[in-house]
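Structure first, then comments.
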Amino acid sequence: MHGLTTGASRRHRLLPDRETLRDAGIELLSYVGLVGDQGVLGFPGLQWPTAWRREVERAVGFRGFPPEGKYLATQRLLSYPLWVLVSLVVVATGLLKAMRYAYPLPAAVVRWSTILHDWAFIATIVLLAIHVAAVTVVRSNWPLLRSMFTGTVSLEHVRAVHGRWYLELLREMEANTAAGSAPTEAASAPAAAGSIPATAGPTPASAGPAPAGAGDVPRPDHTDRGGKEAPR
C-alpha cells in the first residue's frame, strides 16, 4: 500500500490523487473526439466540427493533454478500483458460500452471498470486455494489443504516451549510471539493452507531440513508430 500512495513511488501509483479526476475527464472526452484533433476513437477521419470541439475545450479549460505517468488517469479512477472491488466481492462471497458446508450459516447470508457472487462475476466479464475493447477499438491503443501477448511495448509508445514516466525513468537511469550503482526496478536488466518497462492498459487519443527541450516533459502524441521494446 505504501508504494501505491506515496510520492516516492509516483510513477507506480495506482490510487487516484487530486489531479486524477480532471485528467480522466480529459481522456474520456478525447476518446469521443470532443477535445484535441485526433478524432473519434483516435481516427482522424472521424471528426466533430472544429467549432464544436473548440467550444468544449474552452468549457472544460482544455490546455493540452497532461503528461501521463506509468498509469493513466482513467486507469486509476475507473479501471483498477473497480477491479479491486469486484475481486474482493468475488473472494469474500466465495468464502462465505464455501463456509456453509463447514458451519451452519443463516439462509439469508447464503442467499445474499450467492446473489452478490453472481453479480460480481458478471461485472468481471463486463470489465474484461471493456478492457479488450479499449485496445481493439481505439486506434491509439493498437500498439498495446500486441503487448498483451508479448509482454513488451514500443519504447517510442512509452515516450509518446507516458511522457512523465518516461522522463523519470531516463533521469533515474542517468543517475544510476553516474553513480555506478546497480540497476533498480525502473532500470532493470532489460533496460541495459536499451528498453524501459512500460505500462499496460488503454491510452486516450491526444494531440501531437510537443518538442522536448531541456527539462521539458514530452507531450503524448500516441504515435507508435516502432523502435525498441520495453517489458510491461
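The values are calculated or read from the model by the stated rules, or taken from the named source; none is laboratory data. Only a predicted model underlies this, so the values are computations on that prediction, with no experimental measurement involved. Neighbour counts are summed over all protein chains in view; Cβ atoms, including those assigned to glycine, are modelled from backbone coordinates with ideal geometry. For accessibility, only protein heavy atoms count, side chains too; no ligands or nucleic acids. Shrake-Rupley method; radii C 1.70, N 1.55, O 1.52, S 1.80 Å.
Given a 1.4 Å probe and every protein chain left where it sits, what share in percent of the accessible area of segment 18-65 is carbon and sulfur?
C and S atoms contribute 65 percent here.
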Solvent exposure, largest accessible area first (probe 1.4 Å, DNA, RNA and ligands not counted), of Asp23, Asp118: Asp118, Asp23
Segment 18-65 - percent relative contact order, Cα under 8 Å, separation 6 or more: 27
Mean projection area, nm², convex hull over Cα of segment 33-121: 9.3
Accessible area expressed per residue, segment 104-174, with surrounding protein chains retained (probe 1.4 Å, Å²): 54
Leu78, Leu72, reordered so the largest accessible area comes first (probe 1.4 Å): Leu78, Leu72
Loop sites in segment 90-142: chymotrypsin sites (Phe, Trp or Tyr not before Pro), DSSP, at most 15 other Cβ within 10 Å: Tyr101
Segment 18-65 - accessible surface per residue (Å², probe 1.4 Å): 58
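Find the percent of Cα-Cα distances in segment 36-181 that exceed 28 Å, and round it to a whole number.
On the way: 4936 of 10585 pairs.
Within segment 36-181, distances greater than 28 Å cover 47 percent of Cα pairs.
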